[in-house]
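Comments concern the structure below.
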Amino acid sequence: MQIRTVHILLWAFCCLLPLSVQAQSAGSKEQKLLSLDNQISALENKAFELREKIDIISKKIFKGQFKVFKKAQVALIHVSKLGGAFKVNQVSYWLNKQKVFQATESKSNPLPTQKTIYSQGLTPGKYELRVNAKIRGHGYNVFTYMKKYNLEMNSSLKFDAYKGRQTRIYIEFQDKGGKDLRKRVKLVFRKSFKR
């Protein structure tokens, strides 16, 4: 009789065990779903807060309160300080072996004394600026002999362009004076940086 009772108890235990396991697993599934729902709600709240912060920052950027340079800004400015004795007849500017500006002076198209010839955002790094120019003498009446003087100038400058900065390079043609006309004209590079 005791064996039979043990069998019945074992049978009842085996039959009721899956029901209790199912009840526990149903409870744990509900707990997992509730936990996931709470996590999703928390993430939605964080996303909403981040979106508000992004909107505030973008409004400040568009109002000009922040200056954002994704690239390095480079500006090249042609300047002629030659006075009346010489004129820049022809000039070409090359940045890393690519022509960025070329001009030839004529009566209908005189070269300006100062002009921004290039202004763009570039990848930060090392650059080389090369300048090729033809300078001619300029004079009237007694000084017409000046027109015989033609000079060719070739010069280069290596510089670094930094992220978040504007690099301005002034390329100045100068008349330094003196008696030897061939040595009077010089080319000077001046750099300035702006954040």
* Asked: Filter region 129-144 for residues that are farther than 20 Å from residue 77 by Cα and hydrophobic (A, V, I, L, M, F, W, C); which is modelled with the highest pLDDT?
  -> 143
* To do: Check residue 58 against each of (1) more than 30 Å from residue 177 (Cβ to Cβ); (2) at pLDDT below 85; (3) among the hydroxyl-bearing types (Ser, Thr, Tyr); (4) assigned by TED's automatic domain parsing to the domain that holds residue 158 and name the one condition it does not meet.
  => (4)
* To do: Working carefully through the options 115, 107, 126, 147, find the one that is modelled with pLDDT under 90 and either farther than 17 Å from residue 183 by Cα or acidic (Asp, Glu) (or both).
  => 107
* Would region 81-100 turn up any residue that is surrounded by fewer than 16 Cβ atoms within 10 Å (Cβ to Cβ) and in contact (Cβ under 8 Å) with a residue 60 or more places away in the chain? -> yes
* Tell me which residues, restricted to region 161-183, are in a loop (DSSP other than H, G, I, E, B) and under 36 Å from the mean Cα position of the chain (by Cα). => 162, 163, 164, 165
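The values are calculated or read from the model by the stated rules, or taken from the named source; none is laboratory data. Predicted model only: the values in this text are computed from it and were never measured. Cβ atoms come from the backbone with ideal geometry, glycine included; neighbour counts cover every protein chain shown.
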